[in-house]
Amino acid sequence: MVICKVIGHLWATKKEESLNGLKLMVVEQVDHKEKSVNKIFVAVDIVSAGIGEKVIVVTGSTARKALGKENVVIDAAIVGIIDSIEVK
Amino acid sequence: MVICKVIGHLWATKKEESLNGLKLMVVEQVDHKEKSVNKIFVAVDIVSAGIGEKVIVVTGSTARKALGKENVVIDAAIVGIIDSIEVK
Amino acid sequence: MVICKVIGHLWATKKEESLNGLKLMVVEQVDHKEKSVNKIFVAVDIVSAGIGEKVIVVTGSTARKALGKENVVIDAAIVGIIDSIEVK
Amino acid sequence: MVICKVIGHLWATKKEESLNGLKLMVVEQVDHKEKSVNKIFVAVDIVSAGIGEKVIVVTGSTARKALGKENVVIDAAIVGIIDSIEVK
Amino acid sequence: MVICKVIGHLWATKKEESLNGLKLMVVEQVDHKEKSVNKIFVAVDIVSAGIGEKVIVVTGSTARKALGKENVVIDAAIVGIIDSIEVK
């Protein structure tokens, strides 16, 4: 899983039907110090994350598991809102 | 999912048979400001996207789900046409 | 599999329910000389690894196998604690 | 899928048995202008591609689908020979 | 598949049980000219490769197929020893 910061919303009217009703967020991957690693992508939010929050994002086939639907057409999902990171 | 710009078409007469009839597009991955991240690849279009449009692209095993056929030989698909991106 | 160094912990109260009870660690990918390759991510620990230890991390669909649950929402897992690396 | 140029052949006598009889090609990933992106890898050819040809390559679990055998040990396959690319 | 050079061994006493008995090798990804691409990772050897040999490595879900066990916790495997590469 990667650490990301939620930076925005994305809208698409014309889309594959399994995406209907899903909340699409623009996320920016960061390191443990919140420094951007210059990767911007789109993830489906299932934990009601807000703009600016640090979140846990899963990618690949695991993202489909997050929706509990094997045939949903997504490859990235926000699965947790990070409270704190403690790095020594 | 990544944000891409559709930049062209690609033709291949000699191909694996599950690719017959699919629309192959050349896409360029971009960030939320439409800046290229220097990744060019090929994706199957299932939402009738046009050249120049910003689209949502899924990759990996999820792309096959987009066609509803587990045995189609693709690993990237255009699954949505982006109306707008709002980043704060 | 990649070689990583465990550098910290991560907490998330609000998360997808299959993540409940799992130990989330922040790991830094390194090469065989323990030099960082500048990739920081989150992995579920199943071998009781400690901070500072070098570990083997699996990613992708394989991470789910490490928990023996096909529907757990993870894409990275610590599956071994490295005793030694011998490179000639 | 990525655009590659076929640059060579590769031989391996000692190999996992599902690879027997497969044609292993060395490919170089390129962009739409045939410029190398400095990624060289090995792909199984199923469309009788020749050295110097531009091809479509699939990777990951999709490559196994290209051979119609779920247990073949490959993660990249040449699935089409590119006739032309039109980029505006 | 990628071309790698076997550069060492790795030992881990404490590990997920499906890894018991497997030979873990440290590999360095190279191009067709044996030039390093600065990617070091760990792969399970199933073809009795030796240090210094050039090998074919598969990654992702395909690596599990190489062991013929869907539940083994690996994501990279050495599946062939390269005799020769001919690039024009």
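Here, each number is a calculation from the coordinates, and none is a lab measurement. The structure displayed is predicted, hence computed values, not measured ones. Counting neighbours? That spans all protein chains shown, and the Cβs are built from the backbone with ideal geometry, glycine included.
Normalised by the residues of segment C:2-81, what does the relative contact order come to in percent, with Cα pairs under 8 Å and at least six apart?
Details: 169 pairs, mean separation 25.8, N = 80.
Value for segment C:2-81: 32 percent.
Let me spell out the model: positive unit charges on the Cβ of Lys and Arg, negative unit charges on the Cβ of Asp and Glu, origin at the Cα centre of the protein assembly as shown. What dipole size does that give, in debye rounded to 20? Present the calculation step by step, with values, prior to reporting the outcome.
Working: 60 positive and 55 negative charges, 56 e Å.
Magnitude of the dipole: close to 260 debye.
For D:Val37, list long-range residues whose amide hydrogen, built 1.01 Å from N in the peptide plane, is under 5 Å from its own amide hydrogen.
Placed amide hydrogens put D:Gln29, D:Val30, D:Asp31 under 5 Å from D:Val37.
Positive end of the charge dipole of the protein assembly as shown (Lys, Arg +1 and Asp, Glu -1 on Cβ, about the Cα centre): tell me which of E:Asn38, A:Val47, A:Val72 has its Cα farthest that way.
Toward the positive end, the furthest listed residue is E:Asn38.
Given the options B:Lys39, B:Lys54, B:Lys15, which has the most mean-square fluctuation in a GNM of chain B, springs set between C-alpha atoms less than 10 angstrom apart?
B:Lys15
How far apart are the D:Gly52 label points across copies, placing each 7 Å from Cα toward Cβ, in nm, shortest first?
3.7, 3.7, 6.1, 6.1
Distance cut-off 22 Å, Cα to Cα: go down the list C:Lys88/E:Lys35; C:Lys54/E:Lys35; A:Lys14/A:Lys39 and report the pairs above it. All intermediate terms of the calculation are to be shown ahead of the outcome.
Working: C:Lys88/E:Lys35 17 Å; C:Lys54/E:Lys35 27 Å; A:Lys14/A:Lys39 25 Å.
Listed pairs above 22 Å: C:Lys54/E:Lys35; A:Lys14/A:Lys39.
Summing +1 for each Lys or Arg and -1 for each Asp or Glu, what net charge is found among the other residues whose Cβ lies under 13 Å from the Cβ of B:Asn38? Provide the component values of the computation, followed by the final result.
Working: positive: A:Lys39, B:Lys5, B:Lys35, B:Lys39, D:Lys33, D:Lys35, D:Lys39; negative: B:Glu28, B:Asp31, D:Asp31.
Charge balance near B:Asn38 sits at +4.
If we count other beta carbons within 10 Å of each Cβ, what is the order of B:Ile56, A:Ile82, fewest first?
Fewest to most other Cβ atoms nearby, the residues stand as A:Ile82, B:Ile56.
Measuring nothing but label to label, 7 Å from Cα along Cα→Cβ, what are D:Val87's distances to the other copies in nm, shortest first?
2.2, 2.2, 3.5, 3.5
Could you pull out the longest piece of chain D with no exposed loop GluC sites (Glu not before Pro) in it, calling a site exposed if DSSP puts it outside H, G, I, E, B and it has at most 14 other Cβ atoms within 10 Å? Don't skip to the end; give the middle numbers.
Working: sites that count: D:Glu34, D:Glu70.
Longest site-free region, per DSSP loop and neighbour criteria: D:35-69.
If you count, for every residue in C:8-21, the Cβ atoms of partner chains within 10 Å of its Cβ, what is the mean? Before the final figure, lay out each step's value.
Working: counts 6, 5, 12, 6, 11, 5, 10, 10, 12, 1, 4, 6, 0, 0.
Whole-number average of other-chain Cβ neighbours for C:8-21 is 6.
Can you tell me which aspartates and glutamates have their Cα less than 20 Å from the Cα of E:Lys69? Leave out same-chain residues fewer than eight positions away.
In chain and number order, the partners are C:Glu70, C:Asp75, D:Glu16, D:Glu17, D:Glu70, D:Asp75, E:Glu16, E:Glu17, E:Asp45.
If you build a Gaussian network model of chain C, linking Cα atoms that sit under 10 Å apart, which residue out of C:Asp45, C:Asp31, C:Asp75 swings the most?
Comparing C:Asp45, C:Asp31, C:Asp75 in the GNM, the peak value goes to C:Asp31.
Just to be sure I understand the model, the point goes 7 Å from the Cα along the line to the Cβ. What's the resulting E:Val87 to C:Lys39 distance in nm?
So the label points at E:Val87 and C:Lys39 sit 2.2 nm apart.
For segment E:3-88, report the convex hull volume of the alpha-carbon atoms normalised per residue, in Å³, without decimals. Before the final figure, lay out each step's value.
On the way: hull volume 8.4 nm³, N = 86.
Roughly 97 Å³ of hull volume per residue.
Other chains near E:37-44: what is the mean number of their Cβ atoms within 10 Å of each residue's Cβ?
Details: counts 3, 2, 3, 11, 8, 10, 1, 1.
Taking all residues of E:37-44 together, the mean is 5.
From the label point of A:Lys33, set 7 Å from Cα along Cα→Cβ, how far away are the matching label points in the other copies, in nm, ordered shortest to longest?
Nearest to farthest, the other copies are at 2.2, 2.2, 3.6, 3.6 nm.
Sticking to Cα atoms, compute the Rg of the protein assembly as shown to one decimal and its Dmax as the biggest Cα-Cα distance, whole number, in Å.
20.9, 57
Which whole-Hz ³J(HN,Hα) couplings does segment C:30-40 yield from phi under the Karplus relation 6.51 cos²θ - 1.76 cosθ + 1.60, θ = phi - 60°, glycine and proline marked x?
Those phi angles translate into 10, 8, 5, 9, 6, 7, 4, 10, 6, 10, 10 Hz.
How big is the charge dipole of chain D about its Cα centre, in debye rounded to the nearest 20, if each Lys and Arg gets +1 on its Cβ and each Asp and Glu gets -1 on its Cβ?
The calculation lands at about 100 debye.
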